[in-house]
Amino acid sequence: MTVAATTYCWDQFDADVFAAAEKELAAFTAAVKQTFGVFQERQAVEDWLSELNASEPSMTGEPHWRQISIAAAARLAQRVCLLR
């Protein structure tokens, strides 16, 4: 495999990873916005990105998106419970 082909494979992998992350984040934030409103949606995005930064890479190199969303949802639940 040439350097150019290897670079293309990594670029495609990165594009796929970003597309998957964008899809998961969009679904998560849409649900938060629908249920809790815009303010909590903004906070949830920050939570999700923090969880992504703190996550350990999987064996495939791609993060477990659902686990990141679950961890961000747990932060949301704690925050919402404190507000009530």
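Bear in mind that the values in this text are calculations on the coordinates, not laboratory data. Just so it is clear, the structure is predicted and the values come from calculations on it, not from any experiment. Cβ placement follows ideal geometry from the backbone for every residue including glycine, while neighbour counts extend to all protein chains displayed.
So for each of 19-26, 77-84, 38-45, 65-72 I average, over its residues, the number of other beta carbons within 10 Å; can you give me the resulting order with the highest mean first?
Going by the mean number of other Cβ atoms within 10 Å, highest first, we get 65-72, 38-45, 19-26, 77-84.
Summing +1 for each Lys or Arg and -1 for each Asp or Glu, what net charge is found among the other residues whose Cβ lies under 13 Å from the Cβ of residue 72?
-1
List, in order, the whole-Hz ³J(HN,Hα) value for each residue of region 65-80 obtained from phi through the Karplus relation with A = 6.51, B = -1.76, C = 1.60 and θ = phi - 60°; use x for Gly and Pro.
Ordered by residue, 3J(HN,Hα) equals 4, 5, 5, 5, 5, 5, 5, 5, 5, 5, 4, 4, 4, 4, 5, 5 Hz.
Kindly write out, for region 22-34 in residue order, the coupling ³J(HN,Hα) from the Karplus curve 6.51 cos²θ - 1.76 cosθ + 1.60 (θ = phi - 60°), rounded to whole Hz, with x marking Gly and Pro.
For region 22-34, the Karplus curve yields 4, 5, 5, 5, 5, 5, 4, 5, 5, 5, 5, 4, 5 Hz.
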